[in-house]
1. What translational D, rounded to a whole number of µm²/s, comes out for segment A:260-336 from Stokes-Einstein when the hydrodynamic radius is the Kirkwood one over Cα pairs, at 10 °C and 1.306 mPa s?
2. Express the accessible area of segment A:476-564 per residue in Å², computed with a 1.4 Å probe while the remaining protein chains stay in the model.
3. Could you tell me how many degrees, from 0 to 90 and to the nearest 10, lie between the Cα long axis of helix A:312-322 and the main elongation axis, the longest principal axis, of the Cα atoms of chain A?
4. Rank A:THR558, A:THR301 by accessible area, highest first, at a 1.4 Å probe radius?
5. What is the distance in Å between the Cα centres of segment A:441-499 and segment A:108-126?
6. In whole Å, how far is the Cα centre of segment A:151-202 from that of segment A:381-415?
7. Considering only segment A:200-270, what is the antiparallel percent among its DSSP beta bridges, to the nearest 5?
8. Let me understand chain A better: what is its radius of gyration from the alpha carbons, and its Dmax, in angstrom?
Amino acid sequence: MTKAPETSAAAIENKPRDFIREIIADDVASGRHDEIVTRFPPEPNGYLHIGHGKSMCLNFGAAAEFQGRCHLRFDDTNPTKEEQEFINAIEADVRWLGFNWGKHRYFASDNFEQLYAWAEHLIIEAKAYVDDLSADQIRVYRGTLTEPGKDSPHRNRSVDENLDLFRRMRAGKFEDGARVLRAKIDMASGNINLRDPVLYRIMRAHHPRTGDAWCIYPTYDYAHGQSDAIEGVTHSLCTLEFEDHRPLYDWLIENLPTPSRPRQYEFSRLNLSYTVLSKRRLTQLVKDGHVSGWDDPRMPTLAGLRRRGLPAAALRDFASRIGVTKNDSVVDMALLDHCVRDNLNKLAPRRMAVLDPLKVVIENYPEGESEELEAVNNPECDADGTRMVPFGRELWIERADFMEEPPKKFFRLTPGREVRLRYAYYVTCIDVIKDARGNVTELRCNYDPATKGGNSPDGRKVKGTLHWVSAAHAVGAEVRLYENLFTAEMPGAESGDMLDDINSCSLDVLANCQLEPALGKTAIGETVQFERQGYFAADPDSTPERPVFNRTIGLRDTWAKVQKKGG
RNA sequence: UGGGGCGUAGCCAAGUGGCCUAAGGCACCGGUUUUUGGUACCGGCAUUCGGAGGUUCGAAUCCUCCCGCCCCAGCCA
């Protein structure tokens with residue numbers, strides 16, 4: 001059930017599935033490159049989310065389809081925000097999603113010495129200069145969106161003076177922020193990125209990779225394209241907001257003696273309804289404690305989705321379904337849900353678990369006895385075989401599966417009605433026990449021994465089939481039910497503050513769930529189907545005595561829809 | 001008001017002048033099967049492509065104008 005066959009089929013047919021692959025296919029056809037090389041370039045300042053997943057599927061996927069390679073490159077040019085913890089987490093997430101960078105793991109910081117040398121080259125060519133203006137002054141000189149900027153008074157320093165100043169910047173002779181190196185392009189350009197962009201800034205910060213070797217650091221614009229060129233990247237794919245950086249990307253490549261000529265192409269970033277995907281906002285959710293951490297199962301981070309129980313293959317399937325374009329779009333969360341159900345339906349073992357238990361006593365079943373009944377592990381996969389499930393006189397069923405006064409289309413248990421207990425027997429409710437306040441506390445039923453396994457020899461039919469757990473054998477557990485983190489499709493769209501749309505009911509912890517015995521041995525991270533309810537993944541918080549499950553996603557529930565319609 | 005992009009159904013998205021009275025998927029609505037009210041299967045769901053003109057025998061695809069939305073004024077990426 002992996003997606004690999006589909007991917008290779010697409011590669012064999014060599015059918016571009018989006019405009020990026022079309023560009024690559026054209027370049028392959030024209031023989032522009034010997035080998036296609038892409039790169040996935042995260043900054044290690046946070047955890048990867050599903051939007052990065054889309055990017056990885058594009059970069060690693062397209063490279064593989066064209067027999068090329070994809071590098072993992074950390075864009076680590078700002079040591080004030082980057083941490084080793086994030087580097088480790090990112091690598092784990094890329095691997096989990098199913099991608100392999102082989103020996104091609106790079107850091108922009110690997111290139112610091114070369115980047116510095118090229119900066120001197122620009123200075124010597126009179127294409128870069130050291131500016132003494134403060135950050136505030138530079139902003140003023142930059143002009144506005146509609147008004148051109150003004151040249152800095154230091155724009156026409158001599159090459160020698162610039163070289164000297166820049167060397168002293170590197171040598172730590174100046175305070176943080178005292179000077180910057182700027183490209184000398186065009187202060188009147190309509191494109192603000194071309195108004196003498198900053199290439200280097202002075203920043204005394206400990207870098208996770210280079211430690212304290214540097215006190216000047218290159219900016220993204222200066223480091224990124226040159227790192228692409230050094231690595232031999234042919235297609236540098238990024239999101240739309242970098243579109244107007246492309247002239248600068250090209251300017252630098254054209255004015256530097258780089259070993260190759262990469263090209264940048266832009267596609268639209270992923271937006272998903274009912275969640276947020278900006279690193280700034282995800283960081284805020286974590287830091288302000290609205291979630292338990294980066295791997296909270298409600299988070300759209302890869303770590304969160306993994307803990308929630310989403311299979312990596314479902315995420316890859318999702319990526320291929322949403323496509324790659326330049327349209328601003330918001331993908332319906334329902335599509336992700338569908339991909340998850342589709343994958344898990346084929347692969348997840350079936351088990352029985354009662355989330356909200358109601359006691360049932362089978363009056364005509366002998367006291368103190370029990371038996372084992374055969375249950376199918378996965379009707380979608382015969383090879384998964386069967387298992388034995390214990391049955392006894394006292395059972396747990398789902399409270400929602402009984403109604404004393406049922407509405408018209410309620411097919412489940414009700415006084416006097418016969419239903420099937422899945423893989424067990426037909427039972428009929430003969431009495432309802434209540435407490436002083438009138439709450440149902442227990443059901444008394446009779447079973448028909450001739451219906452063992454769940455079929456009646458006389459061919460009589462029942463409308464309802466219920467899941468159940470033998471009370472004597474049940475394993476107690478905690479189950480965590482999740483909903484979307486936000487109640488609005490686009491959090492914060494109305495008020496400007498996403499917190500106004502946060503869903504206060506996004507987590508519901510059920511402490512008294514009863515599971516069939518086999519569930520007590522579920523491996524952490526494994527996702528199973530609780531029959532008739534949904535898919536659930538064993539959480540790392542589980543202990544041998546008490547498993548904890550996260551609801552990955554519920555089964556489609558047409559009964560809930562019927563109920564809703566009925567009133 | 002400068003620069004750069006984008007507009008095909010509720011959502012995503014094919015389409016690159018004639019086979020488009022516009023693929024496919026999600027969602028939704030019907031129905032069949034069913035020991036999961038799950039799955040699977042069948043059927044429905046844009047005479048119309050942001051709008052208006054124009055070119056053409058013929059336009060979602062070409063041209064013109066207009067409208068709407070997104071991004072850019074970090075020494076963030």
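The values are calculated or read from the model by the stated rules, or taken from the named source; none is laboratory data. Bear in mind that the values here come from a model prediction, so they are computed numbers and not experimental data. Cβ: placed from backbone, ideal geometry, glycine included. Neighbour counts: every protein chain shown. For the accessible areas, the whole protein counts, side chains as well, though only heavy atoms, and no ligand, DNA or RNA atoms are used. Shrake-Rupley method; radii C 1.70, N 1.55, O 1.52, S 1.80 Å.
1. Calculated translational D: 113 µm²/s.
2. 50
3. Tilt relative to chain A: about 70 degrees.
4. Correct descending sequence by accessible area is A:THR558, A:THR301.
5. Measuring centre to centre over Cα atoms gives 63 Å.
6. Value for the Cα centre distance between the two parts: 73 Å.
7. So the antiparallel bridges in segment A:200-270 amount to around 45 percent.
8. For chain A, the Cα radius of gyration and maximum Cα-Cα distance read 30.6, 102 Å.
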